[in-house]
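Below: the structure, in structure tokens.
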Amino acid sequence: MKACLSSASVLALILSAPTVLAQTFDLGEIVVFANQTETEADRVGVTVEVLDAQEIATSPTASVAQTLSRLPGVATNSNGGQGKLTQLRIRGLNDRYIGVRINGFDVSDPGSTQTAYNWGGLSGAGLSSIEVLKGTHSALYGSEAIAGVINITSYRPTENGTFYRYGLELGSFNTRRADFSVGQKTDRAMVALTLSRVVTDSFSSADENQGNTETDPYRGTTVLLSARYALNDQVTVGFEGLYEEQETNIDAGGGVGGDANRPFFTDRAGARVYAEIDAGAFQHEVGISYFKTKRADPLTTFGSPNFESRRTEVRWTATTDLDRGPLTFGIEYSHEEADFSNGTADYDTISLFAEHQIALSERLDLTLSARADDHSEFGSAVTGRIAAAWRPSSDTVIRGSLATGYRAPSLNELFGPFNTAVINPQLEPEESRSAEVSIERRFAGGGRVQAAAFYTQIDDVIDYISSPTPPFQGAYTQIPGTTTAKGLELSGRFPVTGAVSVFGSYTFTDSERPDGTRERRVPEHDIVLGIDADFDNGWGGQFVVNRAIGRVDGFFPVDVPDYTVASLQINYDVTDAANLYLRVENLFDEEYQTAIGYGTSDRAVYFGVRGSF
């Protein structure tokens, strides 16, 4: 461990550079998701990474999951190409511990094996920002928010007028992409619509290097709609809508099943209405949302081929300004249900929450957050978070936080693995505790560095235990003991000239189960190095190299090969309204796997045009 920390420190000195692709620290920058109210970034006591629209668009990969995996502490694995099951990990913990929201919707699937979001079909088309909130935040967002929370916002205009954005792309695997956004804003109203479509033949989900040659195509359509209208100076009403339709093929992978030619369909749809009310001393927000996920796996050998889940949420918050900072409190109701082969299962959660942001001095801010959840199946759970941000100088922020969290068993964990009507009433919620401390510093000329140490422990983890012999049947069960994830993140960015910057990050993660075995698919060492360029003559681009070292995978975990993958994007501004780009993913044609038995892209080349007017 000491050797790893020492090597990490040397890397930090070499890089002399904050966050890969992101500008985590920017005095005056506003972050939305770290607290119950919008807060200046340097007054937030937890680690937040922020990607803006430009950083998303110029990332040398179309996949949002792969873009996020270049942030320190974030890793991804996929069961094939676009549209296939793709998971994120934050600080050594997998996707069942990560909350995901798009335009205010909780998009995790209550009907999946463990409530989580599948990142496989999400590209950066039409997105304006992504916030990655690391650490345990159940005190803000309830169950699942143990590793972190990711908040995604689609395009919407920020100035009065009518604006358009577009993108067209052609490339390897007969890939065709198109997206279009239109937004209009006045002093009283805003409306924005984003449409995107992706069609690709892709490649075999089961690794072609193991003799699998059948392609597994993907077709996906996304529609995002946002609207706001100020009825008067005190009341503003709004609407959010989301629709996704995805069609792909999946393979068994993992060395079993090969080219299955197995169709798989996913539809997501949601609507949310809300009102913001300025009542003088208090600002209120009340909203109701409905979100549905439908999945179909017609050729499955596990139970029913159809899965459908629904989530209804009602939320009211009130905020008032006290002498030393805002106080926010509220109540939330959530109803989740899923259709299984033995009927429909559901549960409800009623939550009370409060948060007080306290300016102890001009240089020190403290945030106290608490939440009480009453679950219809498991009773009550109380979680809390204390976070502090200290600015010893104008260019330095030191942050620290302590938090508790929990994860309630998912509907599928309770009522049947793989939809086979096996009931597990003995399961209880997982409970967690976490801590982090970080320091962030800016330098004259734009250089930035950040270091963060983190520690999380989870008691009585719920996992699927499979029989070691065919037909490999099993069940979800509680594993006695404590799972831990601890490590170190180092990141930085440093300008070489006015047009060229270098950036990089190193993450050391030690993630262990109660029996001392390592968590699957978590790189022990994760290194990212890159160059950003933006020249006055219209040319620019980004080159990124990612090295993952020390992973295990499989039902009976074994060491899997390390890999190094490089990607490149070159941009040229033809006019103020048109930008041409060339993107090359897996530039050096590396043969590697992020999940054992599943394929990844060979060298792939894409050419496109995007712009706005």
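Quick notes
- Most positive-pole-ward Cα, 349, 181, 584, against dipole of the chain from beta carbon charges: 584
- About its Cα centre, the dipole of segment 2-612 is roughly 660 debye, where the only charges are +1 on Lys and Arg Cβ and -1 on Asp and Glu Cβ.
- At full extension, residue 464 and residue 182 could sit 97.0 nm farther apart than now, given 0.36 nm per residue minus the alpha carbon distance.
- With the charge dipole of segment 2-612 set up from +1 on Lys and Arg Cβ and -1 on Asp and Glu Cβ about the Cα centre, the Cα lying farthest toward the positive end among the listed residues 568, 172, 76 is that of 568.
- Computed lengthening from residue 582 to residue 168, 0.36 nm per intervening residue step minus Cα-Cα distance: 147.8 nm
- For segment 440-453, backbone phi angles converted through the Karplus equation (6.51, -1.76, 1.60; θ = phi - 60°) give residue-by-residue couplings of 9, 9, 9, 10, 4, x, x, x, 8, 9, 8, 9, 9, 10 Hz, Gly and Pro being listed as x.
- Pairwise Lys count, segment 2-612 - Cα closer than 28 Å, eight or more residues apart or different chains: 7
- Long-range Cα-Cα pairs in segment 102-243 (distance over 18 Å), rounded percent: 67
- Between residue 261 and residue 363, the modelled label-to-label distance comes to 7.0 nm, taking each label 7 Å out from Cα in the direction of the beta carbon.
- Rough spin-label spacing in nm, given labels placed 7 Å along Cα→Cβ, for residue 475 and residue 323: 5.9
- Ordering 263, 320, 393 by the projection of their Cα atoms onto the charge dipole of the chain, which places +1 on the Cβ of Lys and Arg and -1 on the Cβ of Asp and Glu, puts 393 at the extreme positive end.
- Förster radius 41 Å - calculated FRET efficiency between residue 398 and residue 515 (Cβ-Cβ, nearest 0.05): 0.70
- With 0.36 nm allotted per residue and the present C-alpha distance subtracted, the residue 497-residue 279 stretch has 73.4 nm of extension available.
- 3J(HN,Hα) along segment 575-583: 9, 5, 10, 9, 10, 8, 8, 10, 10 Hz, from the Karplus curve 6.51 cos²θ - 1.76 cosθ + 1.60 with θ = phi - 60°, whole Hz, x for Gly and Pro.
Any read-out appearing in this document is the output of simple, stated calculations on the displayed coordinates, not a laboratory observation. The structure presented is a predicted model; accordingly, all values stated were derived computationally and were not measured. A quick note on method: Cβ atoms are made from the backbone with ideal geometry, for glycine too, and the neighbour counts reach across all protein chains shown.
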